[in-house]
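Chemist: Sharing a structure with you now.
Just so it is clear, none of the values below were taken in a lab; they were calculated from the coordinates. Since the model is a prediction, treat every value here as computed from it, not as a measurement. Here the Cβ positions follow ideal geometry from the backbone for every residue, glycine too, while neighbour counts run over all protein chains shown.
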Amino acid sequence: MSRAFSHFIEFKSMVNFSIFATMKSFRYVFAITALLASLGDSLSQVELVDIRNPVYEFLKESQVSGYLEEYNSSLAPVSRRQAAIYLSRLNAVRNSLPPSYRDRLNYFLSEFEFDLTGKTNLQNNLLNRNYTPGKVRTTHLYFYADSTTSFFADIEGSMYYRNKNEADDDGQLGYGNYGFGLRAALFKAVGAEFRYKKRYELGGGDDSFFHTPYFGMTNAGKDGFRENKSPTQDYYYYSTTQNVTYPFDYTSYSGRFEGYLRYSAKNEWASLMFGRSRTVAGFGYIDRLFLSDNSDPYDFGSLELKYGSVVYRFLYGSVNGYETIISRLTGHGNGSSNGFPVPSRELSSKNIVSHYLGINFSKAFRLGLWESVVVSEQPFSFTYLNPVSFLTSADLSSGDESTTNNNSLMGIEAEVNPADEIAFHASLLIDDLTFETLFEDDSLNENKFGWQIGGMWTGIPEFSFSLEYTHLDPFVYSHRSNKSTFTNNSYSLGHSLPPNSDEIALLISYVPDPFFKASLTLKHQRSGYGVDVDSTGRVTANYGGYITFGFGDAYLKPYKFLEGMRMNRDYATLNVSYEFVRQLFAESRIEYRRTDLPDEGTTQDDLLFEVGLRLSL
């Protein structure tokens, strides 16, 4: 693969552009560079940068490589203003950046031009018939901007072909998404955004609409087989519940939206936000232990405070939940574990309260502290609305019955950069902790932990390598009430692993220029699962492998790690994306999964292939 030259000479382009047009584009980029020092962040915007934007990957690699020491990746999303500050600081040291980093920086200087400079010289406005072709220009359906107000309207669409060979769902499928986005800012203090997306199918079986995914191929390393499942199916296990009547109509979720209203004080020392969006917390390089993007967006209000190298975020939100029961349909293994969790009803309410404190002690050391409480079907209480409190203590003070029905979690993590181009992180999640039985073997699962360690290396130009190990004890993220699980729509709010599992994952990313990206993700996972049910339907054992069913964790017997029916999974996922015209992508994914059930002596091989086009204007 050829390497991009310095932007002072030319941009690498797979589409032929004239020398005159290319040189004209260089003048635009040079104009941005000249204005950065004088304008700084005074013209920046308060809207958020979507957590799937590739600018986060670029900022993280720049931090690990030693070019952006103040960046902290533990909280996202950040505002366009904050992203512009990071880009301007990288631009100040651009001469020390590798050629591929400079090319990627130029790309984002165009995308965030208005946030950096207040100018729209590199922005195309289709409805105003203002369009100049070029890979250094960003195109919008429409925009308006002046000294106090800005408004941007965009559209998106995709079309994919999927071919897969899976245990319970073979065949071909054509699908896609289409939608629009609106964002606006007023007086550089108030921002709003609304995005709507609808799915469609182009062919396949009668249930193709039911299996049409939303996640798409832009989430490198995610489980494509999981993405096809309904929210209530446990995506790691063979489904034996086809004859169960679900009380919910999932086909009604044919359209999704995200939207919020956000206020930010000058210099963003304080900000308030209300709406529906995605948010993450944690240092995980491949997947996050605390809050991840594995579930759907949800409604919440948040308060964020910043002072120097300290950032604090408080969140109070509402998620979707279901109470689960055990179906006695036979199917798992040798028949001893013949129970399978299925939803019985939708919860009337399920809320999540969370806060995170992140501190950059130095270029080499960052620390994060996190707490969260999930509360189900309880009246609104100001107990959890106090952002300056310990949530676990507040939960304990809410009463014995309420505390038993709630799910409290806490965590601590750290990231270390011992030298340029290398970083390590370690995270500890505490689901339940009882000091009296901490070192006893028969503690009846009163102590449940998850932990993660990982490393990232950027020593080879255009490449980044991430290696991560994650361990989840039995019943982590689940809850004995089967209501207050750490889930939204039955998808984990934390790591994608089910409880009673571990994983070692390797992610190799190759980005030679801003228009091409290839990533290879390799994973090996081990899980223990199963629920034993006697002839009367009584649960006699739950091995803690289902995130949606935690009954019996402290009532039946103590369980060891990986006890129960054993399942091993191996994944290999290759994602390739090529932006052959600015904001028009050709994408493909090949994903292989091998599932080994040693208790049954069976192995299942699944293969998924996708290819398609995505437009984002």
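Chemist: Report the extension gain between Ala426 and Tyr161 in nm, rounded to one decimal, defined as 0.36 nm multiplied by the number of residues separating them, less their alpha carbon distance.
Modeler: Net length gain for the segment: 91.5 nm.
Chemist: What nm distance separates the two modelled labels at Asn128 and Phe463, each placed 7 Å from Cα along Cα→Cβ?
Modeler: So the label points at Asn128 and Phe463 sit 4.5 nm apart.
Chemist: At 7 Å along Cα-to-Cβ for each site, give me the label-to-label distance between Ala92 and Asp146 in nm.
Modeler: Result for the modelled spin labels: 3.3 nm.
Chemist: In percent, what relative contact order does region 71-179 have, based on Cα pairs under 8 Å that are 6 or more apart in sequence?
Modeler: Relative contact order, region 71-179: 14 percent.
Chemist: Within region 516-575, list the chymotrypsin sites (Phe, Trp or Tyr not before Pro) lying in a DSSP loop whose Cβ has at most 12 other Cβ atoms in a 10 Å radius.
Modeler: Hits after loop and neighbour filter: Tyr555.
Chemist: Another one. Measure off 7 Å from each Cα along the Cα-to-Cβ vector at Lys119 and Asp534, then give the distance between these two points in nanometres to one decimal.
Modeler: Result: 7.9 nm between the two label points.
Chemist: Go through region 453-544 and name the trypsin sites (Lys or Arg not before Pro) that are in a DSSP coil and have 13 or fewer other Cβ atoms within 10 Å of their Cβ.
Modeler: Those that pass, being in a loop and sparsely packed, are Arg538.
Chemist: Let me ask something else about it. Say a paramagnetic label sat at a point 7 Å from the Cα of Gln604, along Cα to Cβ; which residues of region 503-536 have their backbone N under 17 Å from it?
Modeler: Zone members listed by number: 525-531.
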